[in-house]
């Protein structure tokens, strides 16, 4: 869920539900450069973290290609 948006960055609350439990944190995207950071606790596997970063990076790229409001929620899952 989007928790913050200003002229510099957008922040999303991040939740990763796994078989072994749940990790929560925040994902940040710099609007100028598209730099993405992700903080989850407890830490998750590097592959899952890379996937979440890629989703946020793609959301940034989509906004640059076609200006649109940032979505209130980004949902992705893998079966």
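(1) touching a helix residue (DSSP H, G or I) at 6+ places or on another chain (Cβ under 9 Å); (2) within 19 Å of residue 72 (Cβ to Cβ): which one isn't true of residue 25, the others all being true? That leaves (1) as the condition not met.
When you go through 50, 13 one by one, which is the residue that is within 25 Å of residue 63 (Cα to Cα) and out of contact with any strand residue (DSSP E or B) (no Cβ under 7 Å at 6 or more places or on another chain)?
Working: 13 fails: out of contact with any strand residue (DSSP E or B) (no Cβ under 7 Å at 6 or more places or on another chain).
So the residue among 50, 13 that is within 25 Å of residue 63 (Cα to Cα) and out of contact with any strand residue (DSSP E or B) (no Cβ under 7 Å at 6 or more places or on another chain) is 50.
Please go through region 14-42 and give me each residue that is outside any strand (DSSP E or B) and at pLDDT 90 or above, ordered by number. Give the derivation first.
Kept after step one, since they are outside any strand (DSSP E or B), are these residues of region 14-42: 19-20, 31-35, 42.
Passing the criteria: 31, 32, 33, 34, 35, 42.
The set of residues from region 43-65 being surrounded by 15 or more Cβ atoms within 10 Å (Cβ to Cβ) and outside any helix (DSSP H, G or I) comprises just one member, 44.
The values are calculated or read from the model by the stated rules, or taken from the named source; none is laboratory data. It should be emphasised that the depicted structure is a prediction, and the values quoted were computed from it without experimental measurement. Using ideal geometry, Cβ is built from the backbone for each residue, glycine included, and neighbour counts are taken over all protein chains shown.
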